[in-house]
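What follows is a set of notes on a single structure, which appears directly below.
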Amino acid sequence: MTEYSFSKKDIIGVADEPEEDYDLLTVIIIRLGKETEEKGIFDYLKGLFTGDIKRIQRYSHIEWSEPFQEEASKMTGFGDMIYERGIQQGMQQGIQQGRHEGMILGALMSGKTPEEVSKMLNLPLEEIKKVQEQQMTVNK
């Protein structure tokens with residue numbers, strides 16, 4: 001495991017930047033090696049993905065200040081929040097799609113032609129025909 005971080009190098013002129021303004025990214029590269037630590041990389045990764053700061057500290061050899069630990073915990077929680085939001089959005093889209101298809105099928109089953117349904121629901125004719133074909137496939 002190798003850690004890389006940014007450092008400042010003035011090329012033209014001199015900029016007085018505090019390190020905390022530009023050293024915002026650390027890259028850790030994990031390679032398969034001949035020897036592993038006692039618990040191995042999987043223990044480290046488990047800590048990384050679950051936000052277990054203490055577990056991560058055992059392997060990273062980075063000094064973790066209290067504010068940094070709090071920020072790292074927030075980021076793990078942020079990932080969980082994004083995941084949950086994605087699940088909710090997917091469920092809502094699925095419900096909306098089901099309602100949409102239900103309206104199309106209801107209109108078709110009442111005897112309307114795909115063209116009439118398209119005009120009535122203000123939807124593309126291709127979409128009406130696609131739902132109609134899917135329903136015919138299910139009914140076979």
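The values are calculated or read from the model by the stated rules, or taken from the named source; none is laboratory data. Please read these numbers as outputs of a predicted model, since none were measured by experiment. Here Cβ is always computed from backbone atoms with ideal geometry, including for glycine, and neighbour counts include all displayed protein chains. Heavy atoms of the whole protein, side chains included, go into the accessibility calculation; ligands, DNA and RNA do not. Shrake-Rupley method; radii C 1.70, N 1.55, O 1.52, S 1.80 Å.
For the chain, a/c is not less than 1.5, where a ≥ b ≥ c are the root eigenvalues of the C-alpha gyration tensor, and a/b tops b/c. That puts it in the prolate class.
Per-atom-type breakdown for the chain gives carbon and sulfur 56% of the accessible area (1.4 Å probe, protein chains only). Of the peptides 5-18, 90-103, the ranking by mean beta-carbon count within 10 Å, highest at the top, reads 90-103, 5-18. Just to confirm the number: angle between the C-alpha axis of helix 40-50 and the first principal axis of the chain, 0 to 90 degrees, nearest 10? Result, in degrees: 60.
Stretching the chain fully between LYS129 and TRP64 yields a gain of 17.5 nm (0.36 nm per residue, less the alpha carbon separation). For region 44-125, the list of chymotrypsin sites (Phe, Trp or Tyr not before Pro) that fall in a loop by DSSP and count at most 15 other C-beta atoms within 10 angstrom reads TRP64. Simple rule: put +1 on each Lys or Arg Cβ and -1 on each Asp or Glu Cβ in region 57-140, find the dipole, and look at MET136, ILE104, SER65; the Cα lying farthest toward the positive end is MET136. Between LYS119 and THR26, the modelled label-to-label distance comes to 6.8 nm, taking each label 7 Å out from Cα in the direction of the beta carbon. Between the helical axis of 66-109 and the longest alpha-carbon principal axis of the chain there is an angle of about 10 degrees. Using the Cβ-Cβ distance between GLN88 and ILE11 with R0 set to 41 Å, the FRET efficiency works out to roughly 0.30. Rounded to the nearest 20 debye, the dipole size of the chain about its Cα centre is 1120 debye, using +1 on the Cβ of Lys and Arg and -1 on the Cβ of Asp and Glu.
Based on DSSP H segments of at least four residues, each scored -39500 (n - 2.57), the chain has a per-residue ellipticity at 222 nm of -21000 deg cm²/dmol. One chain, two ends: LYS46 and GLU71. Fully extended at 0.36 nm per residue, the span grows by 7.2 nm beyond their Cα-Cα distance.
Only aspartates and glutamates eight or more places from LYS130 in sequence, or on another chain, were considered; those with a Cα closer than 13 Å are GLU101, GLU115.
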